[in-house]
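The values are calculated or read from the model by the stated rules, or taken from the named source; none is laboratory data. Everything numeric in this text was worked out from a predicted model, so none of it was measured. With ideal geometry, Cβ positions are generated from the backbone for all residues, glycine too; neighbour counts draw on all protein chains shown. Note: accessible area is taken over every heavy atom of the protein model, side chains too, but ligands, DNA and RNA are not part of it. Shrake-Rupley method; radii C 1.70, N 1.55, O 1.52, S 1.80 Å.
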Amino acid sequence: MYVPKESQPKQGGSADKARDGEKGGKRKIVAQNKKARHDYAIIDTYEAGIVLMGTEVKSLREGRTSLTDGFVQIDQGEAWLHNAHIPEYHQGTWTNHSVRRKRKLLLHREEIDKLESKSQETGHTIVPLALYFKDGRAKAEIALARGKKEYDKRQTLREQQDRRESDRAIAAAKRRQRGA
């Protein structure tokens, strides 16, 4: 029996995978820097590739990394990630990497120039927000940020708490309305 091609089920071929990757693909988050979002006001975010050694990739896949003390520095037209803690791969031998080495970030020239000029302004810095895998490649989400004062941090916490309380009150009112 002949079945038209349109009604046949799709075979998940490589062309389908390429189309999925064009729209951004899936992000498997390895590490997040929640402290950065608390301590800094995020101005702009960028996605950067990372140059890693083989044992670093294997260690990242285990998900035991920390970005808490990390920062990005522009040096001679190249972006470098400093103080990101990627632990040694437990099955690695003499090929293992050093834990807190600086790692090169892959960005477009225009992005590096823009980040360099903005980060030289007073109070601005570049911080890593997340490390993740996208289509099998390690990526870093970095942000141009401005440091918050203590009262700004308290204000942000107060706003979050007020938003949570209002959401709870709305949800409770909806539950009561459904029950009546």
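Scanning the range 68-88 for residues that are open to solvent by less than 40 Å² (accessible area, probe 1.4 Å) and in a loop (DSSP other than H, G, I, E, B) returns Gly70, Gly77, Ala84, Ile86, Pro87. Pairs linking a residue in the range 55-77 that is within 20 Å of Val127 (Cβ to Cβ) and β-branched (Val, Ile, Thr) to a residue that is open to solvent by less than 40 Å² (accessible area, probe 1.4 Å) and part of a loop (DSSP other than H, G, I, E, B), with Cβ atoms under 9 Å and 6 or more positions apart or on different chains, are Thr65/Ala84; Thr65/Ile86; Thr65/Pro87; Thr68/Asn33. Return yes or no: is Gly77 touching a Gly at 6+ places or on another chain (Cβ under 9 Å), modelled with pLDDT under 90 and farther than 15 Å from Leu131 by Cβ? No, not satisfied. Listed conditions (1) modelled with pLDDT under 90; (2) within 23 Å of Arg37 (Cα to Cα) are all met by Ser166, apart from (1). For the range 120-156, a residue qualifies if it is surrounded by 20 or more Cβ atoms within 10 Å (Cβ to Cβ), closer than 17 Å to Gln73 by Cβ and of a type in the set (Gly, Ala, Ser), and the qualifying residues are Ala140, Ala143, Ala145.
Once the range 54-67 is narrowed to residues that are in contact with a strand residue (DSSP E or B) (Cβ under 9 Å, 6 or more places away or on another chain) and open to solvent by 80 Å² or more (accessible area, probe 1.4 Å), the residue that is modelled with the lowest pLDDT is Arg64. Flag set for Ser117, criterion: small (Gly, Ala, Ser) and open to solvent by 60 Å² or more (accessible area, probe 1.4 Å). Residues in the range 92-114 that are in a loop (DSSP other than H, G, I, E, B), touching a residue at least 12 places away in the same chain (Cβ under 8 Å) and not basic (Lys, Arg) were compared, and the one that is least open to solvent (accessible area, probe 1.4 Å) is His97.
Conditions tested, residue by residue: (1) modelled with pLDDT of 90 or more; (2) among the basic types (Lys, Arg); (3) farther than 28 Å from Asn83 by Cβ.
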residue: Ser117; (1), (2), (3): no, no, no
residue: Gln120; (1), (2), (3): no, no, no
residue: His124; (1), (2), (3): no, no, no
residue: Pro128; (1), (2), (3): yes, no, no
residue: Ala138; (1), (2), (3): no, no, no
residue: Lys149; (1), (2), (3): no, yes, no
residue: Asp152; (1), (2), (3): no, no, no
residue: Leu157; (1), (2), (3): no, no, no
residue: Ala171; (1), (2), (3): yes, no, yes
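Among the conditions (1) open to solvent by 70 Å² or more (accessible area, probe 1.4 Å); (2) part of a loop (DSSP other than H, G, I, E, B), the only one that Arg37 does not satisfy is (2).
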